[in-house]
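I have placed the structure first, in the form of structure tokens, so that the comments after it can refer back to it.
The values are calculated or read from the model by the stated rules, or taken from the named source; none is laboratory data. Model, not experiment: these values are computed from the prediction. Positions of Cβ are backbone-derived with ideal geometry, glycine not excepted, and every protein chain shown enters the neighbour counts.
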Amino acid sequence: MLKNDSWIREMCRSHAMIQPFCEKLNAEGMVSYGLSSYGYDIRVSDEYKVFTDVHNCIIDPKSFDARSFVDIKGPYCIVPAHSFALARSVEYFRIPRGVIGLCIGKSTYARCGIVVNITPLEPEWEGHLTLEISNTTPLPAKIYSNEGIAQLVFLGAEKECETSYKDRKGKYQKQRGVTLPRILKTEV
């Protein structure tokens with residue numbers, strides 16, 4: 001079942017589900033963030049990893065080369081045309097066991113050709129959300145730090161899952177900052 005603003009507010013008060021938590025939608029002069037009717041609009045921090053081809057690296061999720069991007073920190077980030085950036089949410093999350101969250105892009109950015117990857121926040125996952133931001137246009141795109149970037153919707157289960165993200169010791173548990181791809185190593 002889709003969760004509403006009353007449920008989200010209560011979970012944030014009783015379980016620190018979203019920190020910091022803004023109890024109302026903040027929209028004046030900025031891309032909105034905060035509590036909405038059936039979700040929560042999250043902010044992008046001021047830390048970005050913008051992909052570059054200057055070193056002619058291959059993107060390989062099993063062997064990620066840090067030379068594939070440049071680090072940017074500031075009040076905004078320019079994502080080059082047809083390029084991609086990783087960022088993180090300002091908010092830190094603690095998802096309850098009987099809930100899954102879905103992160104979807106905001107229409108303000110979508111109308112500019114900026115796509116935020118749809119990603120789940122699994123039951124009992126905790127951490128900053130790493131955001132994948134794609135510029136699909138032939139022009140550079142400006143992303144504003146500490147303003148809204150995506151919306152989370154929360155779905156509640158009738159019955160809790162047998163194995164949560166925490167139970168299976170997920171590789172992105174308690175991540176802080178912009179987190180690069182990880183592959184678990186098999187034990188020999």
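Here are the numbers:
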quantity: Matching residues, region 59-69, being under 11 Å from Lys49 (Cβ atoms) and either within 18 Å of the chain's Cα centre (by Cα) or modelled with pLDDT of 85 or more (or both); calculated: Ser68, Phe69
quantity: Long-range neighbours under 7 Å by Cβ, at least six apart or interchain, first residue on the phi > 0 side of the Ramachandran plot within region 139-154, second surrounded by fewer than 21 Cβ atoms within 10 Å (Cβ to Cβ) and among the acidic types (Asp, Glu); calculated: Asn146/Asp46
quantity: Phe51 in contact (Cβ under 8 Å) with a residue 40 or more places away in the chain and aromatic (Phe, Trp, Tyr); calculated: no
quantity: Region 108-152: number of residues that are over 15 Å from Ala81 (Cβ atoms), surrounded by 18 or more Cβ atoms within 10 Å (Cβ to Cβ) and aliphatic (A, V, I, L, M); calculated: 7
quantity: Number of positions in region 87-110 that are assigned to a helix (DSSP H, G or I) and under 16 Å from Ile18 (Cβ atoms); calculated: 0
quantity: Unique match (being modelled with pLDDT of 95 or more and in contact with an Asp or Glu (Cβ under 6 Å, 6 or more places away or on another chain)) among Ile104, Ile18, Ile72; calculated: Ile18
quantity: Any chance Arg43 is crowded, with 16+ Cβ neighbours inside 10 Å and either out of contact with any strand residue (DSSP E or B) (no Cβ under 8 Å at 6 or more places or on another chain) or not in a helix (DSSP H, G or I) (or both); calculated: yes
quantity: Which numbered condition Met30 fails, given (1) more than 17 Å from the chain's Cα centre (by Cα); (2) part of a strand (DSSP E or B); (3) more than 14 Å from Leu180 (Cβ to Cβ); calculated: (2)
quantity: Criterion violated by Glu23 - all others in (1) touching a strand residue (DSSP E or B) at 6+ places or on another chain (Cβ under 9 Å); (2) closer than 25 Å to Ala141 by Cβ satisfied; calculated: (2)
quantity: Residues satisfying the stated conditions in region 55-88, i.e. under 30 Å from Asp167 (Cβ atoms) and either surrounded by fewer than 18 Cβ atoms within 10 Å (Cβ to Cβ) or without any contact (Cβ under 8 Å) to a residue 60 or more places away in the chain (or both); calculated: Asp60, Pro61, Lys62, Ser63, Phe64
quantity: When residues of region 153-170 are limited to those that are surrounded by 15 or more Cβ atoms within 10 Å (Cβ to Cβ) and at pLDDT below 95, the one nearest to the chain's Cα centre (by Cα); calculated: Gly170
quantity: Residue within region 171-180 that is buried (at least 20 other Cβ atoms within 10 Å of the Cβ) and either modelled with pLDDT of 95 or more or not in a loop (DSSP other than H, G, I, E, B) (or both) present; calculated: no
quantity: When residues of region 4-20 are limited to those that are within 18 Å of the chain's Cα centre (by Cα) and surrounded by fewer than 17 Cβ atoms within 10 Å (Cβ to Cβ), the one farthest from Val99 (Cα to Cα); calculated: Pro20
quantity: Filtered residue count, region 89-113, keeping only those that are closer than 30 Å to Thr163 by Cβ and of a type in the set (Phe, Trp, Tyr); calculated: 2
